[in-house]
Amino acid sequence: MPKGKQNFKLAAISILKNSKRALTPREIFEAALKKNLIKFRGKTPAASMRSILSRDIKSLGKNSPFKRERRGRYGLKYGGKFR
């Protein structure tokens, strides 16, 4: 996996572990950026985060750490505070 995508995934896991609710890709990205977990130079960072999370869920299925809580919101299957 390219390094940038891995960083987005790891950043999302870190943010969602400490979240009390499911978050939108924009919320995940902004929180990760604030904590200096990722750097991004593109035009659509929220779309990139959404794409990475969605592809991870589709490709890994049950093995993905992420779950889609409801339309546009993501959480962790295990280890998050809100489950």
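Looking at the stretch 51-65, is at least one residue within 14 Å of N7 (Cα to Cα) and aliphatic (A, V, I, L, M)?
Looking through the stretch 51-65, at least one residue is within 14 Å of N7 (Cα to Cα) and aliphatic (A, V, I, L, M).
When the residues of the stretch 38-59 are narrowed to those that are closer than 13 Å to L10 by Cα and within 12 Å of the chain's Cα centre (by Cα), which ends up modelled with the lowest pLDDT? Reasoning before the result, please.
First, pick out the residues of the stretch 38-59 that are closer than 13 Å to L10 by Cα: 38-39, 49, 52-53, 56.
Okay, now just the ones that are also within 12 Å of the chain's Cα centre (by Cα), so 38, 49, 52-53, 56.
Working: I38: 90, M49: 95, I52: 94, L53: 96, D56: 95.
Per the stated criteria, the residue is I38.
Which count do you get for residues in the stretch 14-50 that are farther than 21 Å from Y78 by Cα and part of a helix (DSSP H, G or I)?
Qualifying residue count for the region: 8.
Of everything in the stretch 56-78, what is exposed (fewer than 13 other Cβ atoms within 10 Å of the Cβ) and not in a loop (DSSP other than H, G, I, E, B)? Give them in sequence order.
K58, S59, L60, G61, K62, N63, R70
Go through the residues of the stretch 33-44 one by one and say whether even a single one is of a type in the set (S, T, Y) and either buried (at least 18 other Cβ atoms within 10 Å of the Cβ) or in contact (Cβ under 8 Å) with a residue 12 or more places away in the chain (or both).
Among the residues of the stretch 33-44, not one is of a type in the set (S, T, Y) and either buried (at least 18 other Cβ atoms within 10 Å of the Cβ) or in contact (Cβ under 8 Å) with a residue 12 or more places away in the chain (or both), which makes the answer no.
Taking the conditions exactly as written (among the basic types (K, R) and surrounded by fewer than 18 Cβ atoms within 10 Å (Cβ to Cβ)), does R50 satisfy them or not?
For R50, the condition - among the basic types (K, R) and surrounded by fewer than 18 Cβ atoms within 10 Å (Cβ to Cβ) - is not met.
The values are calculated or read from the model by the stated rules, or taken from the named source; none is laboratory data. As the structure is a prediction and not an experimental result, all values here were calculated from the model. Note: ideal-geometry Cβ built from the backbone for every residue, glycine included; neighbour counts use all protein chains shown.
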